[in-house]
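For reference, the structure discussed in these notes is given below.
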Amino acid sequence: MKKIVIGPLTRANNSCAVEVTVENKKVIDAHCSGIFFRGFELILQGKDPRDAAYLTERICGICSSLHGAAASYALEDAAGIKPPRNANILRNLIIGADILQNHVRHLYLFSLVDYLVLPERAPFVPGYTKDKRLEKKKNDTMVQNMHLALEVSRLAHEMVALLGGKAPFPHGILAGGATVPPSTDVVMNFRSKLQKVNRFIQNQMVSDVYILADAYSDYFELGQRAPNMLEYGLFPCTEQDQERYFPGGAVLNGQIQKLDLSLIKEHTARSWYAAESGPRNPSGGRTVPEREKEDAYSWIKAPRYSGVPLEGGPLARLWIKGDYRKGTSTMDRMIARALEAQKVGALMESWLDELEPEGRIFLPFEVPKNAEGIGITGAMRGPLGHWLRIENGRIAQYQIITPSAWNFSPRDNQNCRGPVEEALIGIPIADEKQPIEIGRVIRAFDICSSCSTHLITMGKPVGEMII
């Protein structure tokens, strides 16, 4: 047996690490670690609830709009209000643009690097050189598309800024609605950029992922796990938010069930947090760091649904929606992300037609003195939830479960592996000095460990923070 440690894992949105045990050229065990603690749930205590949307956006620079939306949903739930119709559409457009920039960036700049023969110059060297299968013409075309993807993802970020004020960390989403009115010039500019992004997705991105799937068909077998998935629902259809364009639900052993948030419990047996009497629902969750905890190996908690580790992301969303149910492999995850980008881009074009130039975009409201609220949404990598409790008009408790907390979770209190750990079991490692297979499987989940671990301490547990 041999242990392979990759840490930090590059092209995975911040600091994470993986340790796998290899025997007879196959992975027989895996431990995935979030190695970066940031303490946002502690920072939020005592703050004005209206600040949560902007503060939580700083959790992640690549999916910031979704944190702003989840925080806004939570405060609106606590206050008992719904935003105006125009605001709902504007939010969907900001979120949609942010999802497009992420999906294009992920496929071309994070994932394809593991499959293509790239120029022998920085930033592509040093790098893995094994198992590059595409014929030269197709390979060179994808390299060209990789450079084009930089421009396309930038255009999508410009779309976020048009309606959100800036990107990342847009100011266009807040409790009560939106901040940027849909003036004619802004809408025309947004539409022009969207059409360019959609053409790239349709003409390059979708075809490239299928070309890759043909050359690497064995990756329809690698990275598989049981069809256990979760989605909260993405893009409210109306301001009343009674249904969403991508519906919520849970998939347990392939069977779709109605979403029940009471079935979510966070385990901390293998996480660097103080031991609990048992798994907690996030409505009563606690964030008490304990860096020296024995047997722990990650700053990520282990959320479970009905005791089961569930994965989220485009594959889960399309599975629940009924648009893609071919498998649960590495290649299935990559194809689903490209297909979802195509669907989101088309929806955004229709939403632009629904905007009312003179329509209201904000509903004034009073922050409740004492209340609780939950804000849930789909995000780039899967289900995102914010749980809020207000006392005396201030945040008394805030708990966040991010998509990568689901996907990249460590073992739970029953010692069951998290989804990525499960997906790594059994994959072949052709060359232990160049274990490219590990990165391919992990990156297909589009891991973002900075989100999942919510202050770096130099070997000392966090005691008190004064902001």
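The values are calculated or read from the model by the stated rules, or taken from the named source; none is laboratory data. Because the structure is a prediction, the values reported are computed rather than measured. For neighbour counting, all protein chains shown are included, and Cβ atoms are generated from backbone atoms with ideal geometry for every residue, glycine included. Side chains are part of the model used for accessible areas, which takes the heavy atoms of the whole protein and leaves out ligands, DNA and RNA. Shrake-Rupley method; radii C 1.70, N 1.55, O 1.52, S 1.80 Å.
Taking a ≥ b ≥ c as the square roots of the eigenvalues of the Cα gyration tensor, an a/c ratio of 1.5 or more together with a/b larger than b/c marks segment 106-236 as prolate. Amide H contacts of R280: E266, each under 5 Å away and 5 or more positions distant or on a separate chain (H built 1.01 Å from N in the peptide plane; Pro and chain starts excluded). Sparse packing (at most 12 other Cβ atoms within 10 Å of the Cβ) combined with a DSSP loop state is found for the following trypsin sites (Lys or Arg not before Pro) in segment 356-398: K369. Amide H to amide H, with H built 1.01 Å from N, Y216 comes under 5 Å of no residue 5 or more places away or on another chain. In order along segment 398-414, the phi-based Karplus estimate (6.51 cos²θ - 1.76 cosθ + 1.60, θ = phi - 60°) of 3J(HN,Hα) comes to 9, 10, 10, 10, 8, x, 6, 5, 5, 5, 9, 5, x, 5, 9, 5, 9 Hz; Gly and Pro are listed as x.
In segment 2-452, Cα pairs under 8 Å separated by at least six residues give a relative contact order of 26 percent.
Taking a ≥ b ≥ c as the square roots of the eigenvalues of the Cα gyration tensor of the chain, is the shape rounded (a/c under 1.5), prolate (a/b larger than b/c) or oblate? Here the chain falls in the oblate category.
Which of the GluC sites (Glu not before Pro) found in segment 348-429 are loop residues per DSSP with 14 or fewer other Cβ atoms within 10 Å of their Cβ?
Details: sites: E349, E354, E358, E366, E372, E391, E421, E422; in loops: E358, E366.
Those that pass, being in a loop and sparsely packed, are E358, E366.
Calculate the dipole size of segment 2-452 relative to its Cα centre from +1 charges on Lys and Arg beta carbons and -1 charges on Asp and Glu beta carbons; express the result in debye to the nearest 20. In debye, rounded to 20, segment 2-452 gives about 560.
Backbone N atoms of segment 198-223 closer than 19 Å to the 7 Å Cα→Cβ label point of D131 belong to residues 209-223. In the context of the full protein assembly, R337 retains an accessible surface of approximately 10 Å², using a probe radius of 1.4 Å and ignoring ligands and nucleic acids.
How do Y216, Y245 stack up against each other in accessible area, from largest to smallest, with a 1.4 angstrom probe? List each step's numbers first, then the result.
Numbers: Y216 0, Y245 60 Å².
Of Y216, Y245, the descending order of accessible area is Y245, Y216.
In sequence order, segment 72-80 has phi-based couplings of 5, 4, 5, 5, 5, 5, 5, 8, x Hz under the Karplus curve 6.51 cos²θ - 1.76 cosθ + 1.60, θ = phi - 60°, and Gly or Pro positions carry x. Helices in the chain, meaning DSSP H runs of at least 4 residues, each add -39500 (n - 2.57). Divided by all residues, the mean residue ellipticity at 222 nm is -10500 deg cm²/dmol.
Here N392 and L261 are evaluated by their C-beta separation; at R0 = 25 Å the FRET efficiency comes out at 0.45.
Taking amide hydrogens as placed 1.01 Å from N in the peptide plane, the amide H of R244 sits under 5 Å from those of C237, each at least 5 positions away in sequence or on another chain.
I want to verify the translational diffusion coefficient of segment 185-292 in µm²/s; compute it with Stokes-Einstein, Rh as the Kirkwood radius over Cα pairs, at 25 °C and 0.890 mPa s. Before the final figure, lay out the partial values.
Numbers: Rh = 19.0 Å.
Using the Kirkwood radius from Cα pairs, D works out to 129 µm²/s.
What shape does segment 270-365 take by its C-alpha gyration tensor, where a ≥ b ≥ c are the square roots of the eigenvalues and a/c under 1.5 counts as rounded, a/b above b/c as prolate, and the rest as oblate? Oblate shape, in that a/c is at least 1.5 and b/c is the bigger or equal ratio. With θ taken as phi - 60° and the Karplus curve 6.51 cos²θ - 1.76 cosθ + 1.60 applied, the whole-hertz 3J(HN,Hα) list for segment 378-391 is x, 9, 3, 9, x, x, 10, x, 10, 10, 10, 10, 10, 9 Hz, x standing for glycine and proline. Surface calculation, 1.4 Å probe, protein heavy atoms: H171 sits at approximately 80 Å² accessible. Dipole orientation for the chain: of the candidates I400, A17, P383, A17 has the Cα lying most toward the positive pole (charges on Cβ; Lys, Arg +1; Asp, Glu -1). For D295, the solvent-accessible surface with a 1.4 Å probe is about 100 Å², rounded to the nearest 10.
Counting only DSSP beta bridges with both residues in the chain, tell me the antiparallel percent, nearest 5.
Values: 48 of 50 bridges.
Beta bridges within the chain, antiparallel portion: roughly 95 percent.
Selection among G248, G312, L155 by position relative to the dipole of the chain gives L155 as farthest towards the positive end (Cβ unit charges, Cα centre).
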